[in-house]
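Notes follow the structure.
The values are calculated or read from the model by the stated rules, or taken from the named source; none is laboratory data. Note that this is a predicted model, so its numbers are computed, not measured. FYI the Cβ positions are ideal-geometry reconstructions off the backbone, even for glycines, and counts take in every protein chain you see. Only protein heavy atoms, including side chains, enter the accessible area calculation; ligands, DNA and RNA are left aside. Shrake-Rupley method; radii C 1.70, N 1.55, O 1.52, S 1.80 Å.
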Amino acid sequence: MGSIHVSSRSMIRQAGMGKTPLNGLEAVYHAERPKILRLLCARTGSDAEAEDILQELWIRVRQPSQGPIANSLPYLYRMAQNLVVDRQREVQRRAKRERQWLDQHSTGAAKGGEPADSSPNPEDAILDREEGARLVAALETLPPGAHQVLTLHKVDGLSHAQIADRLGISKSGVEKHMAVAMKYLRRSMLGGY
């Protein structure tokens, strides 16, 4: 402790030579600055961040205190530790906000990654259009009964029993028309296989 008082006194003496006099906490800060910096480097794992926190600590030390500080050194170390904790909390809050934003704005992207472009690539778009054109052509050439049953079931969402009632045919007749339609479409879509 004796060396701290000597350093503090020399700081106070130096400050008296044309500069604003240092208060007790400022003098202890200057005397302990290298040790505080080492502590901050160890706590943060980053020299740059430790320097930033040390600068913030200096700004706070320079502010007028609310009252006398009995033990300046432990008080200074506690301030430094609190600044480290504040930084860590801010990093966590920022990461949480970014995760929430990504979750709200990403479509099918891996968590934590950049949102992926959900539009199909040009080759897939061409293949989809060609397949759609083949399907439309196949539907237009279906036998009338199979076309009507397929439309009522797949487009209108009617059950086989409802189709049978509407068309006045048996349920097995509806199933036969569906089988014909599906077989015909499968052949058309697979190129005659």
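Protein heavy-atom accessible surface, 1.4 Å probe, per residue over region 124-193: 68 Å².
Here the gap between residue 138 and residue 98, fully extended at 0.36 nm per residue and compared with their Cα-Cα distance, gives a gain of 9.5 nm. A simple spin-label model places pseudo-atoms 7 Å from Cα toward Cβ; at residue 47 and residue 129 they are separated by 5.9 nm. The 1.4 Å probe gives accessible areas that order 79, 182, largest first, as 182, 79.
Annotation for residue 86 and residue 176: the two label points, set 7 Å from Cα along the Cα-Cβ direction, are 8.5 nm apart. For region 121-136, the Karplus equation 6.51 cos²θ - 1.76 cosθ + 1.60, evaluated at θ = phi - 60°, returns couplings of 6, x, 5, 5, 5, 5, 4, 5, 5, 5, 5, x, 5, 5, 5, 4 Hz by residue, with Gly and Pro reported as x. According to the calculation over all Cα-Cα pairs in region 34-90, the P(r) per 10 Å bin from zero is 23, 56, 20, 1 %.
Counting Lys and Arg as +1 and Asp and Glu as -1 over every other residue whose Cβ lies under 13 Å from the Cβ of residue 75, the net charge comes to 0.
Whole-Å semi-axes of region 148-193's equivalent ellipsoid, largest first, each the root of 5 times a Cα gyration tensor eigenvalue?
Numbers: eigenvalues 100, 24, 7 Å².
Computed over region 148-193, the values are 22, 11, 6 Å.
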